[in-house]
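A.B. asks: I am attaching a structure below and will ask some questions about it afterwards.
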Amino acid sequence: MQLSGDTSCIAAARRLAADFLTRASTEQHVVVSAHALGLTQLVVSELVTNARRHAPGPALMELRIADSTVEVTVQDSVPVRPTIHASDPQRIGRHGLEIVAAVAEDFYVRLEETGKRVTAHIALTDGPVPRPQEP
């Protein structure tokens, strides 16, 4: 999904993530907990907000199922590694990456010539992944 320059793309990205996981659940029989759906929307919101706020030009978001996680990747045009600030309850704002790192199973940044790719993996279930029962 290419993200537009205004803030309406943040809500659109959250809806896209929810629709993606709902389709994965209903069409592909991927187990997705309500908690995972909410966390995915939170991560999408934080990553897209950062891309829109700190990078000029278009940004891209990709979603895919990877093993027992949903992989959320947001690509923008600034080839600078973002900073996760130390926890500070007095600070207003700038908690986005701190939140993403706290809720993600895995979180990393890959710098590229044209910008960066920020990727987070969110567990699809709240506990062990259920295995299909044999007939």
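The values are calculated or read from the model by the stated rules, or taken from the named source; none is laboratory data. Given the structure is predicted, the values throughout are model-derived calculations rather than measurements. We place every Cβ from the backbone using ideal geometry, glycine too, and count neighbours over all the protein chains shown.
A.B. asks: Could you please tell me which pairs satisfy a Cβ distance under 7 Å, a separation of 6+ or placement on different chains, a first residue in segment 98-111 that is closer than 15 Å to residue 50 by Cβ, and a second residue that is among the acidic types (Asp, Glu) and surrounded by 15 or more Cβ atoms within 10 Å (Cβ to Cβ)?
C.D. replies: That search, which allows pairs on different chains as well, returns 99/46; 100/46.
A.B. asks: Search segment 89-108 for residues being assigned to a helix (DSSP H, G or I) and not hydrophobic (A, V, I, L, M, F, W, C), and hand back the single one that is surrounded by the most Cβ atoms within 10 Å (Cβ to Cβ).
C.D. replies: First, pick out the residues of segment 89-108 that are assigned to a helix (DSSP H, G or I): 96-103.
Narrowing the set further to residues that are not hydrophobic (A, V, I, L, M, F, W, C) leaves 96, 98.
Details: 96: 20, 98: 16.
That would be 96.
A.B. asks: Looking only at segment 19-56, which residues are surrounded by fewer than 15 Cβ atoms within 10 Å (Cβ to Cβ), free of Cβ contacts under 8 Å to residues at least 40 places away in the same chain and either of a type outside the set (A, V, I, L, M) or in contact with a helix residue (DSSP H, G or I) (Cβ under 9 Å, 6 or more places away or on another chain) (or both)? Spell out how you get there, then give the answer.
C.D. replies: Taking segment 19-56 and keeping what is surrounded by fewer than 15 Cβ atoms within 10 Å (Cβ to Cβ), we get 19, 22-23, 26-29, 31, 34-35, 38, 53-54, 56.
Subset that is free of Cβ contacts under 8 Å to residues at least 40 places away in the same chain: 19, 22-23, 26-29, 34, 38, 53-54, 56.
If the condition is that a residue be surrounded by fewer than 15 Cβ atoms within 10 Å (Cβ to Cβ), free of Cβ contacts under 8 Å to residues at least 40 places away in the same chain and either of a type outside the set (A, V, I, L, M) or in contact with a helix residue (DSSP H, G or I) (Cβ under 9 Å, 6 or more places away or on another chain) (or both), then 19, 22, 23, 26, 27, 28, 29, 38, 53, 54, 56 are the ones that fit.
A.B. asks: If you go through segment 34-48 one residue at a time, do you hit one that is of a type outside the set (A, V, I, L, M) and either under 16 Å from residue 110 (Cα atoms) or over 17 Å from the mean Cα position of the chain (by Cα) (or both)?
C.D. replies: So in segment 34-48, the residues of a type outside the set (A, V, I, L, M) come out as 35, 38, 40-41, 45-46.
With the extra rule that they be either under 16 Å from residue 110 (Cα atoms) or over 17 Å from the mean Cα position of the chain (by Cα) (or both), the set shrinks to none.
Within segment 34-48, none of the residues are of a type outside the set (A, V, I, L, M) and either under 16 Å from residue 110 (Cα atoms) or over 17 Å from the mean Cα position of the chain (by Cα) (or both).
A.B. asks: Out of 13, 86, I need the residue that is crowded, with 17+ Cβ neighbours inside 10 Å and either at pLDDT 95 or above or out of contact with any Lys or Arg (no Cβ under 7 Å at 6 or more places or on another chain) (or both). Which one?
C.D. replies: Details: 86 fails: crowded, with 17+ Cβ neighbours inside 10 Å.
Every option except 13 fails the conditions.
A.B. asks: Now for a separate question. Sort out which residues of segment 66-83 are among the polar types (S, T, N, Q) and surrounded by 15 or more Cβ atoms within 10 Å (Cβ to Cβ), and write them in order of number. Don't jump to the end; show me each part of the working.
C.D. replies: Within segment 66-83, the first condition is being among the polar types (S, T, N, Q), and the residues that meet it are 68-69, 73, 75, 77, 83.
Hits for segment 66-83 are 68, 69, 73, 75, 77.
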